[in-house]
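Encoded as structure tokens, the structure appears first; notes follow it.
Taken together, the values in this text are just the output of simple stated rules run on the coordinates, not laboratory data. Everything numeric here is computed off the predicted structure, so don't read it as measured data. Positions of Cβ are generated from backbone atoms using ideal geometry, with glycine treated the same way; all protein chains shown enter the neighbour counts.
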Amino acid sequence: MKRRVPLLITFIMGVLMVVTFFIPREPFGSFEQRMMVWASILGGFTLLLGLDSLVKHHFRKIVRKRKDAFYSIVTLVALFGTLAAGIVTWAKYGTPLEFASLEQIGSFYWVYWWIMVPLQGTVFALLAFFIASAAYRAFRARTFDATLLLVAAILVMIGKMTMGTVPAAIILAVFLVAAGVYRFFIREPVLGVIFSSIGVALGVLLIVFPAAKIAEIAPQVQEWIMSVPQMAARRGILIGVTLGAVAMSIRIILGIERTYLSST
Amino acid sequence: MKFIRWLTKIDRRIIFLLMFGVVLVPILIDIPVETDVSPPVEAAYNAVDTLKPGSVIMLSVDYDATSYPECHPMIEAVSNHAFRNGLKIILVAHIPTGLPLGQAAVEEAALEYNELHKAEYESALSKALSTHPDTTSPGYRLAVEEAALANQKRYGIDYVNLGFRPGMVPIMVGMGREIRDFYAQDYKSTNVDSLPMMEGVHNYDDIALLASFAHGIQVETWIAYAGARYGQQIIAGVTGVVIPDLYPYLQSKQLTGLIGGLKGANEYESLLGRKGLGTKGMPAQSTAHILVIFLIVLGSIFEFILNIFSRRKS
């Protein structure tokens, strides 16, 4: 019974939602809208659940004086401090998001703008440093496939630049020649000739064409990579993922896939 | 050989310092850049530009501070463009921590517009006062209202912020029937029906264009529900990593235009003739790209040399 009832509810609701999605006429249309409103309300309760779990987890850590309990104190102080700022601003202005200008803002907005935004931005900005380090240490053109991937990536990066296109293209030409020479050494002469030739050809183009022309061509090359080979691959992945999602949905509706019923 | 081996194991803090330098210098020095506009950005610009004045454009804030440098210049530019063309803006959000950013962008665009048209507004006010000396008369009030309508962007009349509601997909589907079922009140708890701008705006039929500024799957979800089901015209402004995901939709015309990454924001700003965060940030992004390309190539060349020597040895 404990399992059959949820499975039955899932089946009935699953079939009904599919039907209402494709038949928007009454009574299905109103029914679907009602379900959407319910789903949104349920979404609100999941936020409360999340809040409850977060507070319980950190409160336990503090009470049991576990390792790094200090960070739990910081989390809870930040959580309730922001909540208090929101309530104060709400009481004062009728909304936590009071905004007249960056100089005239409510306390909630102040916490958001001057603490949360810089913190989130800083954490994400670290990515640039780690990518630079990874670029040097891990992105290596060991195989033919890796070389192709790197060349495509560099071309896309060059296309996303508004200055320094020529120096970047020179570096790419050097890379292609070096990759070609390396292929000769590891007894892959055909690939060696191909890479070296492309590298030399790119070098010649850089000498022949003015810098402005190179800067004009680079975004077009990037656009072609994105809209032809990249898109073809992406579309294949997309179709595969969608078919997988459809299959999984059918399995859930029919009760074949039951892992969602229990977390154990 | 030892030297090359040492170079491959160089202290990563040196690389961090290099990255810091190449990002910081272009930010400190104002470097003028020239931008060629790519077709997806041009399409997004045209989608906004060709709307009739008075049309409603919905801006969906689907990013937060982590994507601020890329997405914020886009929403700023589109808000400015919308106000410049007399469009009305509805702001919604599917990421609660992103909503204040979207609000700041729209409010600042309104402030910028009002500041630009301050002289016209004041002259219209003095004209109204000379025509109707009695400031309590209906004629004066009407003239003042007309002056404000023509020269000022005001909350509730030219833009509204409907705020955040949980449940992305149900909201996207449900708004096809009635926006008020999900957004009965705006972010200030004001009844939506009392906002003049929302009069006659009930579902996607009343929204000329939807623009999603996202750093995740939100654009694809908008396309699947608002676009595919209700035929809503959609443009997107996304971070660099999301761009590849959206090209199939761009080709199938399910996405009218795409503003991709900081470069996209820069291109949009150049079309607007406005120097915003996109234009200011592009030199730093370009120099960072050069450094990353240089490091990739250098690392690979060292790898080639080490491989060749180890092969010869063996």
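Quick look at the numbers
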read-out: Charge dipole (debye, nearest 20) of the protein assembly as shown; +1 at Cβ of Lys and Arg, -1 at Cβ of Asp and Glu; value: 3340
read-out: Peptide-level mean, for B:236-245, of C-beta atoms on other protein chains within 10 Å; value: 2
read-out: Helix A:69-93 vs. chain A, principal-axis angle (Cα, 0 to 90°, nearest 10); value: 70
read-out: Span from the segment A:89-151 Cα centroid across to the segment A:47-86 one, whole angstrom; value: 23
read-out: Greater than 22 Å apart at Cα, pairs in A:Lys92/B:Lys188; A:Lys92/B:Lys118; B:Lys52/B:Lys280; B:Lys118/B:Lys153; B:Lys52/B:Lys88; A:Lys160/B:Lys9; value: A:Lys92/B:Lys118; B:Lys52/B:Lys280; A:Lys160/B:Lys9
read-out: Simple spin-label estimate for A:Arg60 and A:Val193 in nanometres, 7 Å along Cα-Cβ; value: 6.8
read-out: Net +/- balance of residues flanking B:Ala128 in space, Cβ distance below 13 Å, scoring K and R +1, D and E -1; value: -3
read-out: Point-charge dipole on Cβ atoms (K/R +1, D/E -1) for segment A:212-264, about Cα centre, debye to 20; value: 160
read-out: Rounded to 5, percent antiparallel among DSSP beta bridges of the protein assembly as shown; value: 10
read-out: With 5 Å bins from 0: P(r) over chain A, alpha-carbon pairs, percent; value: 1, 4, 6, 7, 9, 9, 8, 8, 12, 12, 9, 8, 5, 2, 0, 0
read-out: Ellipticity estimate at 222 nm from DSSP helix runs (n ≥ 4, -39,500 (n - 2.57)) divided over chain B, nearest 500; value: -17500 deg cm²/dmol
read-out: Prolate/oblate/rounded label for segment B:246-314 (Cα gyration tensor, a/c 1.5); value: oblate
read-out: Descending semi-axes in whole angstrom, ellipsoid equivalent of segment B:1-94, from the Cα gyration tensor; value: 42, 16, 13
read-out: Rule-of-thumb Rg ratio for the protein assembly as shown [Cα; 2.2 N^0.38 Å; N residues]; value: 1.12
read-out: Kirkwood Rh, Cα atoms: Rg over Rh of segment A:122-173; value: 1.02
read-out: Separation of the B:Met1 and A:Leu148 label points, Cα + 7 Å toward Cβ, nm; value: 3.3
read-out: Three-way shape label, chain B, alpha-carbon gyration tensor, a/c 1.5; value: prolate
read-out: Coil-residue trypsin sites (Lys or Arg not before Pro) of segment A:4-96, DSSP, other Cβ within 10 Å capped at 15; value: A:Arg25, A:Arg64, A:Lys65, A:Arg66, A:Lys67
read-out: Relative contact order, percent, chain A [alpha-carbon distance under 8 Å, six or more residues apart]; value: 16
read-out: Alpha-carbon centroids, segment B:138-166 and segment A:213-264: separation in whole Å; value: 43
read-out: Unit charges at the beta carbon, dipole of segment B:148-285: most positive-side option, B:Val160, B:Leu210, B:Ala150; value: B:Ala150
read-out: In degrees, nearest ten, helix A:211-225 long axis to first principal axis of chain A (Cα); value: 50
read-out: Gyration tensor verdict on segment B:106-219 (Cα atoms; rounded if a/c is under 1.5, prolate if a/b is larger than b/c, oblate otherwise); value: prolate
read-out: Between helix B:68-84 and chain B: long-axis angle, C-alpha atoms, 0 to 90°, nearest 10; value: 30
read-out: Net charge contributed by nearby residues that have their C-beta within less than 15 Å of A:Pro24 (K/R +1, D/E -1); value: -1
read-out: Neighbouring partner chain Cβ atoms per residue of B:164-172, average, 10 Å criterion; value: 5
read-out: Antiparallel DSSP beta bridges within chain B, percent to nearest 5; value: 5
read-out: Separation between Cα centres of segment B:281-308 and segment A:187-202, rounded to whole Å; value: 20
read-out: Values of log10 I(q)/I(0), in the order q = 0.12, 0.14, 0.21 Å⁻¹, for segment B:166-314 under a Debye, Cα-only, solvent-free model; value: -0.70, -0.85, -1.24
read-out: 10 Å Cβ shell holding at most 11 others, DSSP loop, GluC sites (Glu not before Pro): longest site-free stretch of chain B; value: B:35-198
read-out: Furthest towards positive pole of dipole, B:Phe16, B:Val48, B:Leu28, structure part segment B:6-55, Cβ charges; value: B:Phe16
read-out: Segment B:141-268, relative contact order in percent, only Cα pairs under 8 angstrom and at least six apart counted; value: 18
